[in-house]
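Here the structure is laid out as structure tokens; the discussion comes afterwards.
Rule-based calculations on the coordinates, nothing more; no lab input. The shown structure was predicted, so the numbers you read here are calculated from the model rather than taken from an experiment. Glycine also receives a Cβ, built like all others from the backbone with ideal geometry; neighbour counts cover every protein chain displayed.
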Amino acid sequence: MTVKFKGYDFVDGGVCAASGFQAAGVHCGLRKNRTKPDLALIYSETLCSAAAVYTQNKVKGAPIIVTQQNLKDNKAQAVIVNSGNANTCNLDGEEKAEMMCVAIAKELGISANDVVVASTGIIGEPLPVELIQAACPQLKDELNVNGNENASLAILTTDTCKKEVAVTFDINGVKCTLGGMAKGSGMIHPNMATMLCFLTTDVAVEPTLLQKALRDVTNETFNMISVDGDTSTNDMVTILASGTALNKEIVNPNSEEYKIFANALYAVMMNLSRAIAQDGEGASKLLECTVCGANDKQIAKTVAKSVITSSLVKSAMFGQDPNWGRILCAIGYAQADLDINNVSVRLKSTFGDVKVCKGGRGVTFDKEQVLNILRADEVKIIICVGTGDYSAVAWGCDLTYDYVKINADYHT
């Protein structure tokens, strides 16, 4: 379920919602299933300001290395991304990532240095780049303002559904739009998750502020989700800002205009984060952990992440087991300065809201009511750790039998 924000209208279109952007998705042969697209393109009619954040894994996919080089001037005009092969840990990986940039740049009539390149899929297998090169003419020909759906499908791996969000909002009376698409289902863990996210906007914003906004919002969204504790090698979030909305360029990080833009970014990225967590491999429910009352922001974040990543908590949620002691245990081993005697825990869903712990100890509650709460497909774990002013939210999912099945058979 999309979380709404006052002042921001959610619209269709994903990466094509903002003016001047087109997209496409085609099947080039990387997937065995010919009915599923496996190669996507996003294109802007104008050269854009660009920013990106990347995985913190020491092993980085070749596309990340090439994209980092291409974005040194903070400019880009297109994004090409394939699924089915991560192009990671290969001797010729960077060469092939560059070949992808060159091939699509030739079709679009732009510089290869203005292309963001990304890949997702199996690690350690050579990328048959000739399939991608051969498909670039079709990819370019199928570009259109409604191409976001095929593009969003082309980047999926073990995902069960596409993930798209877009919003419109006003900056000084000028209508602006920001949209995005993402993939992610397994190997999801801060920092970042195993995921790709591509964002587009028609807002005019100075490149260093664009980078600041992207990094800050990533820290509150994609760096606060976890499915299985594994951080991948190819994770990337990029944003292209065309400026075609014709608002006065945002140059002041303390301005109201910057705040409006950053909040739009949060509205999109937070909802994409929730969608990734909810679509965790084998998952049957979304878990949201809110921590409040902390003495500083990092304490709140650390506790929320500790709970959301606990395999025992995740298993209990799957089994609809009201074992709140596992939540308290995860709070207790979090590397955070807090007094467990000040901790309270509530479990909440559309079926009710019950306090199960106060002052670090259990309280009397209706077990049947808690069981009913845990039957929902979205469960909130609400933790208060004191009387401080700071809070944080993390998202994850339950741990099911299907997670093991999916990952045991991933390569085959």
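Brief remarks on what is shown
- Sequence of Thr290, Thr35 once ranked by neighbouring C-beta atoms within 10 Å, starting from the fewest: Thr35, Thr290
- Exceeding the 27 Å Cα-Cα cut-off - candidates Lys72/Lys106; Lys36/Lys212; Lys72/Lys96; Lys36/Lys301: Lys36/Lys212; Lys36/Lys301
- Placing unit charges on the Cβ atoms only, positive for Lys and Arg and negative for Asp and Glu, gives segment 9-278 a dipole magnitude near 320 debye about its Cα centre.
- Shape call, segment 26-129: gyration tensor on alpha carbons, a/c limit 1.5: oblate
- Three-way shape call for segment 91-171 based on the alpha-carbon gyration tensor, with the a/c threshold at 1.5: oblate
- Kyte-Doolittle mean at least -1.0 and Cα axial length at least 30 Å: DSSP H helices in the chain: 256-278
- Put a dot 7 Å past the Cα of Lys405, heading toward its Cβ, do the same for Leu371, and the two dots end up 2.5 nm apart.
- Ordering Gln320, Gln68, Met100 by the projection of their Cα atoms onto the charge dipole of the chain, which places +1 on the Cβ of Lys and Arg and -1 on the Cβ of Asp and Glu, puts Gln320 at the extreme positive end.
- Relative intensity, log₁₀ I(q)/I(0), of the chain from a Debye sum that treats every alpha carbon as a point, q = 0.09, 0.14 Å⁻¹: -0.54, -1.19
- 11 Å beta-carbon shell around Tyr54, net charge (K/R +1, D/E -1): +1
- The ranking of Asp279, Asp38 from fewest to most other beta carbons within 10 Å of each one's beta carbon is Asp279, Asp38.
- Relative contact order of the chain, defined on C-alpha pairs under 8 angstrom at six or more residues apart (%): 17
- Rounded to the nearest 5, the antiparallel percentage of DSSP beta bridges internal to the chain is 75%.
- Segment 286-408 shape via C-alpha gyration tensor axes, a/c threshold 1.5: oblate
- Distance between the modelled labels on Asp73 and Lys355, one decimal in nanometres: 6.1 nm (7 Å Cα→Cβ projection).
- Residue-averaged [θ]222 nm for the chain, counting only DSSP H segments that reach four residues, each worth -39500 (n - 2.57): -9500 deg cm²/dmol
- Charge dipole of the chain about the Cα centre (unit charges at C-beta), most positive-ward option of Ala204, Val345, Val307: Val345
- The simple spin-label model puts a point 7 Å past each Cα toward its Cβ; for Thr46 and Asn33 those points are separated by 4.0 nm.
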